[in-house]
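The structure appears right after this line, and notes come after that.
The numbers here are math on the coordinates, done by the rules we state, and not lab data. Computed from a prediction, not measured in an experiment: that's the story for all the values here. A quick note on method: Cβ atoms are made from the backbone with ideal geometry, for glycine too, and the neighbour counts reach across all protein chains shown.
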Amino acid sequence: MAQELVDPNVEVVLGEEIDHVRLITLNRPRQLNVISSKVVSLLAEYLEKWEKDNNAELIIIKATGRAFSAGGDLKMFYDGRNSKDSCLEVVYRMYWLCYHIHTYKKTQVALVHGISMGGGASLMVPMKFSVVTEKSVFATPEASIGFHTDCGFSYILSHLPGRLGEFLALTGARLHGKELVATGLASHFVPSQKLPELENRLISLNTGDQNAVKSVIEEFTVEVQINEDSVLNKQSIIDECFSRDTVEEIIKSFEAAASKEGNAWIGGVLKGLKRSSPTGLKITLRSIRESRKQKLSECLKREFRITMNILRSTISGDVYEGIRALTIDKDNAPKWEPAALEKVQDEKVDLVFEPFEEHLELHIPEREEELRWDGKYENSAYAT
């Protein structure tokens with residue numbers, strides 16, 4: 001297992017039991033509450049324990065500091081780059097945890113204030129109640145560093161309207177609080193100054209009854225209206241460009257759209273897209289497309305294979321080059337290999353998706369019912 005530097009005097013995850021309410025607090029604010037092996041272990045431990053506890057009815061997850069969770073601990077992966085399976089245990093556990101959150105038997109509420117990206121967002125989006133504020137920011141930027149859209153988000157994004165999922169996965173574009181509610185990636189928008197009072201009300205409610213929980217949250221909820229310049233108002237362009245068969249065709253179509261009047265917003269997005277890992281982009285697009293035909297458990301098993309093959313540098317070491325450029329040397333000048341989309345061979349990409357031997361596959365526990373992310377956007381402001 002790759003070593004992670006954690007202050008032994010700091011509890012990275014806090015668990016509290018208050019009558020019928022259970023609180024989980026991510027407590028690494030200086031590290032933006034990134035998901036480390038210790039965090040994964042503690043989250044799984046608390047959730048397993050409380051699901052079996054008849055006195056536990058309502059689970060609330062929140063975070064200290066200015067970030068809910070900035071995603072996986074990239075330095076942990078980078079430090080383990082020379083050991084073939086140094087991160088196998090934490091990756092396996094994280095995918096199990098993602099499935100467990102999706103299929104959890106107790107009522108869950110996420111109070112999301114600040115950054116919620118990548119794997120960190122898997123602690124928000126699947127919740128029945130995910131409350132965001134004007135400070136909330138969501139993105140899945142993994143392809144830009146040579147990785148892929150993971151932790152169940154190939155499934156979730158593939159179920160968004162039109163080709164919005166491909167757009168978010170390939171570009172790493174950010175959505176803010178009201179946009180998250182409009183798409184159904186969050187359930188309620190509450191102004192940040194009201195979040196502490198909402199938390200106290202939920203604790204005093206002392207029940208997991210979903211109607212009661214919903215009623216309390218709605219007392220604090222503000223109606224959502226997205227800004228005129230929101231990317232959610234660009235759906236026709238996104239659908240036109242990101243429905244193309246290949247990344248090369250998507251970029252070509254996006255370039256053509258950028259030249260048209262009123263499409264100045266595309267320039268910055270396109271620039272970021274072209275800077276991303278060609279291998280990461282191709283893997284991500286295929287994964288999103290396959291997810292449309294699969295259920296959640298199948299998507300998680302596929303994502304696990306992809307993750308381990310990327311960490312093993314099966315076809316490319318881009319993920320480590322991406323992490324180096326972003327967080328180690330911070331030069332923001334990654335040297336991708338291969339450096340161009342046309343040099344990423346389909347036969348190589350196939351290798352990343354190949355099933356493992358049965359005993360090496362992800363084996364998530366069978367649940368009585370696979371509760372799927374319910375596509376909350378169908379009843380959202382965005383859909384109407």
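Observations
- A crude spin-label estimate for the pair residue 214 and residue 264, with each label 7 Å from Cα along the Cβ direction, gives 4.3 nm.
- P(r) tail for region 1-124: Cα pairs beyond 19 Å make up 46% of the total.
- Taking region 13-379 and dividing mean pair separation by its residue count, relative contact order in percent (alpha carbons under 8 Å, at least six apart): 19 percent
- Rounded to the nearest 0.05, the FRET efficiency derived from the C-beta distance between residue 293 and residue 82 at R0 = 45 Å is 0.75.
- Shown for 279, 307: other C-beta atoms within 10 Å of each C-beta, ranked fewest to most, produce the order 307, 279.
- Rounded to the nearest 20 debye, dipole of region 36-98 from Cβ charges on Lys, Arg, Asp, Glu: 300 debye
- As a calculated quantity, the FRET efficiency between residue 249 and residue 357 at R0 = 35 Å, using C-beta atoms, amounts to about 0.50.
- Taking 0.36 nm per residue of separation and subtracting the current Cα-Cα distance, fully stretching the chain between residue 48 and residue 201 would add 52.6 nm.
- Eligible lysines near residue 271 by straight Cα distance, threshold 25 Å, same-chain separation 8 or greater: 234, 252, 260, 282, 330, 335, 343
- When each of the peptides 295-301, 136-142, 63-69 is scored by how many other beta carbons lie within 10 Å of its residues on average, the order from highest to lowest is 136-142, 63-69, 295-301.
- Theoretical ellipticity at 222 nm over the chain - DSSP helices of four or more residues, -39500 (n - 2.57) apiece, nearest 500: -12000 deg cm²/dmol
- Within region 12-110, percent of DSSP bridges classed antiparallel, to nearest 5: 35 percent
- Antiparallel DSSP beta bridges within the chain, percent to nearest 5: 25 percent
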